[in-house]
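Please read the structure below before turning to the comments.
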2 protein chains.
Amino acid sequence: MAKATPKRPWGEGIQDRGEQYELKRQVVLRTAARIYTQRGFHETTLTDIAEALNISKPTLYYYFRSKDEILFECHRLGIEAITDGETPMPPPGEGTARERLHEFLRRYVRMVVDDFGTCLVMTGANALGPENRAEVVGGRRQIDGMLRGILEEGARDGTIVCDDIMLTSMFIFGAMNWIPHWFHREGEINVDTLSVRLVAFVDRALLSAPQ
Amino acid sequence: MAKATPKRPWGEGIQDRGEQYELKRQVVLRTAARIYTQRGFHETTLTDIAEALNISKPTLYYYFRSKDEILFECHRLGIEAITDGETPMPPPGEGTARERLHEFLRRYVRMVVDDFGTCLVMTGANALGPENRAEVVGGRRQIDGMLRGILEEGARDGTIVCDDIMLTSMFIFGAMNWIPHWFHREGEINVDTLSVRLVAFVDRALLSAPQ
DNA sequence: TGGTTGTTCGACCCGTGGGTCGAATCGCGA
DNA sequence: TCGCGATTCGACCCACGGGTCGAACAACCA
């Protein structure tokens, strides 16, 4: 029992200093993302986050420069989950647009159901300072562009039918971005079912003849 | 030019006392709804609202008991726009479920594009105190029930096809609730086009055979 | 023209919460 | 075991914003 549990809330592991530092940053971010999502950014106090981690407020400032930076990092991680996931999106030309659409939707649903994705989608970026906001908005614009690109391609190769690409893409993002408002990972429905049903829903809306 | 403009920001009119009072309340609410929507509830200060109206903060307290009450009234008006609009929803049994679905969607889009509807959908109800929140949540639940009811009815009378009513209704609400995040009344697209396209989108998703 | 009620505001109160500082403690290498 | 950097925290600062108070001002009636 000598040095058994050093009582540190971070969890154990003998990684070297810098590694520990990065690890702890991640833990803070995950926790913060969850609380931001539940209570909202401005309703969340740094003390809330600190208490959830069993640490003190100043300790947070050892890892992050400000409350904003914490939110910003959460958003960045959410965006990265899509723009450069480990398996990159198949490039245009590979497979039909319809297949790429399905892949995009599945990936987006997965993202939106994760802590950081949920945080990205539920807490507005207007809380951030100008430079950070600009980056987040840029990232989201890029993601918007992905879907629109796929729809355009599909309209060209005939695997997708829709009147208005801009409106259609917004309806689709809406259906997906709303998911965190009602979906809970512990609930009856699991993520795969959700994903399948969402793809089916969109698929029908885009592929079938009207009437 | 005698008593031309009394410099009151409220606008003129010689209505009697109580009528004036109600009118001014409405003006406050519309303004507040707009600012809450733009900046978010917690990011909005009462001074912001007061300045937008050219009045002082204490004057707001002459018309409302608290910042919460203002938000609550906005939400209430948003909900009322659907649950008891001037033309009531046709009761179950009148027309096909599909027709009633279209009517519901059109009405919901109209609501969500209005100041109060936008405010309802964009500012979470968790800002409100328990009793007010309960009422708002109840109202939203009622609206949820309307759509689910229509879908169930449609599944029965065969005018609607869908795998999972709960998920489907959430996708639909998502597509509509997201509208305020990107739609602007002054933009190129008008509300009617939006409404028509949304109905078409959902219609296809619900009526066509898969594949 | 005075009194009474309805309406508005300047000035203030005070709790909250983001952020800082300096001291205490930890943990590893020598 | 000592020493030094890495890490943590108690106590504090202070701006901001919701909310209040009492006085001024307006409007209507006699």
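Some observations on this one:
- Condition check for residue A:174: more than 11 Å from chain B (Cβ to nearest Cβ) and assigned to a helix (DSSP H, G or I): no
- Residue that is farthest from the chain's Cα centre (by Cα) [pool: residues in segment B:177-186 that are open to solvent by 40 Å² or more (accessible area, probe 1.4 Å) and more than 9 Å from chain A (Cβ to nearest Cβ)]: B:186
- Selected residue [in contact (Cβ under 8 Å) with a residue 24 or more places away in the chain, within 13 Å of chain B (Cβ to nearest Cβ) and farther than 16 Å from residue A:72 by Cα] from A:159, A:123: A:159
- Residue in segment B:76-98 that is within 28 Å of residue A:196 (Cα to Cα) and of a type outside the set (A, V, I, L, M) present: yes
- Condition check for residue A:101: over 12 Å from the mean Cα position of the chain (by Cα), open to solvent by less than 10 Å² (accessible area, probe 1.4 Å) and away from DNA strand C (no atom under 16 Å from the Cβ): yes
- Of the residues screened, residue B:87 is one that is more than 16 Å from DNA strand C (Cβ to nearest atom) and at pLDDT below 95.
- When segment B:46-79 is limited to residues that are in contact with a helix residue (DSSP H, G or I) (Cβ under 8 Å, 6 or more places away or on another chain) and basic (Lys, Arg), the one that is nearest to DNA strand D (Cβ to nearest atom) turns out to be B:67.
- Matching residues, segment B:14-45, being of a type in the set (S, T, N, Q) and near DNA strand D (Cβ under 8 Å from one of its atoms): B:44, B:45
The values are calculated or read from the model by the stated rules, or taken from the named source; none is laboratory data. Treat the numbers as computed from the prediction; the structure is a model and nothing was measured. Positions of Cβ are backbone-derived with ideal geometry, glycine not excepted, and every protein chain shown enters the neighbour counts. The area values use the complete protein model at the heavy-atom level, side chains included, leaving out ligands, DNA and RNA. Shrake-Rupley method; radii C 1.70, N 1.55, O 1.52, S 1.80 Å.
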